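To keep things clear, I will list the structure first and then write my remarks on it.
The values are calculated or read from the model by the stated rules, or taken from the named source; none is laboratory data. Please read these numbers as outputs of a predicted model, since none were measured by experiment. Using ideal geometry, Cβ is built from the backbone for each residue, glycine included, and neighbour counts are taken over all protein chains shown.
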Amino acid sequence: MQGRKTYTVEEAQLALESYCSYQDRSHKEVEEKLRKMNMIPAACEVIIQHLIQENYLNETRFAQSFARGKFRIKNWGRQRITRELKLRGISSYNIKLALKEISETEYQETFNVLAEKRWDQLKRESSLQRRRQKFLNYMQYRGWENGLIFQKLDELSR
C-alpha cells in the first residue's frame with residue numbers, strides 16, 4: 001500500500017477553502033485538486049457545494065479576474081483569453097461577462113502599444129515579408145483578432 005495521506009471531508013474542505021482563498025480558481029482546478037487528494041466523488045460533491053455556498057468558488061468571478069489579469073499583465077487579446085477560459089471549462093455566458101471587463105479604449109491602446117513595440121523589435125529583419133510574417137505570428141499567438149492585426153500591419157509597413 002502506498003504511503004498517501006488520506007483526508008476527512010472536513011480536512012479536505014479546510015484545505016480547499018485556503019486553496020480558493022489564495023486566488024480565484026475554476027471548478028476544473030478544484031476538481032483536479034480533490035482528485036489528487038484521493039477524495040471519493042460523493043465527498044467531492046459535498047465539498048464543491050460547500051465552496052460555492054460560502055463563495056470560495058465562483059466561476060463568474062474567476063473568469064472576470066482571469067480575463068483582466070491576462071489582458072493587463074500578459075497583453076493577451078480576446079481570442080487567447082476566450083480559448084484559455086474554454087480550456088478551463090468556463091461557460092460561454094461567463095466568458096462573455098469576463099470579456100466585458102476589458103474596455104474597448106484600453107483594448108485598442110494596449111493593442112497599438114504592443115504592435116508598435118513588436119514592429120520595432122523586428123527592425124533587423126532583412127526582408128519586409130519575413131518581418132510581416134513574424135509580426136503576424138506573434139500577434140496571433142497573443143490572441144489578437146486578424147482584422148486588427150492586418151489593419152495595423154498595413155499601417156506599419158508603409
Checklist line | Failed item, numbered, when Y7 is tested on (1) among the aromatic types (F, W, Y); (2) at pLDDT 95 or above; (3) not in a helix (DSSP H, G or I) | finding: (2)
Check: For region 113-158, what are the residues that are surrounded by fewer than 12 Cβ atoms within 10 Å (Cβ to Cβ) and of a type in the set (A, V, I, L, M, F, W, C)?
Finding: V113, L128
Check: Hey, does region 137-156 have a residue that's without any contact (Cβ under 8 Å) to a residue 60 or more places away in the chain, hydroxyl-bearing (S, T, Y) and in contact with a Phe, Trp or Tyr (Cβ under 8 Å, 6 or more places away or on another chain)?
Finding: no
Note to self: Looking only at residues that are part of a loop (DSSP other than H, G, I, E, B) and either without any contact (Cβ under 8 Å) to a residue 60 or more places away in the chain or aromatic (F, W, Y) (or both) in region 42-85, which one is surrounded by the fewest Cβ atoms within 10 Å (Cβ to Cβ)?
What the structure shows: N55
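In region 21-41, which residues are part of a helix (DSSP H, G or I) and farther than 17 Å from G89 by Cα?
Of everything in region 21-41, those that are part of a helix (DSSP H, G or I) and farther than 17 Å from G89 by Cα turn out to be S21, Y22, K36, P41.
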Margin query: Being in a loop (DSSP other than H, G, I, E, B), among the basic types (K, R), more than 26 Å from E31 (Cα to Cα) and not assigned by TED's automatic domain parsing to the domain that holds S26 is the requirement here; does K117 meet it?
Written below: no
Checklist line | Scan of region 124-149 for residues that are under 17 Å from K74 (Cα atoms) and in a loop (DSSP other than H, G, I, E, B), ordered by number | finding: R142, G143, W144, E145
Notebook entry, point to check: Which of the following residues is surrounded by 15 or more Cβ atoms within 10 Å (Cβ to Cβ), part of a helix (DSSP H, G or I) and over 13 Å from the mean Cα position of the chain (by Cα): T105, T110?
Noted result: T110
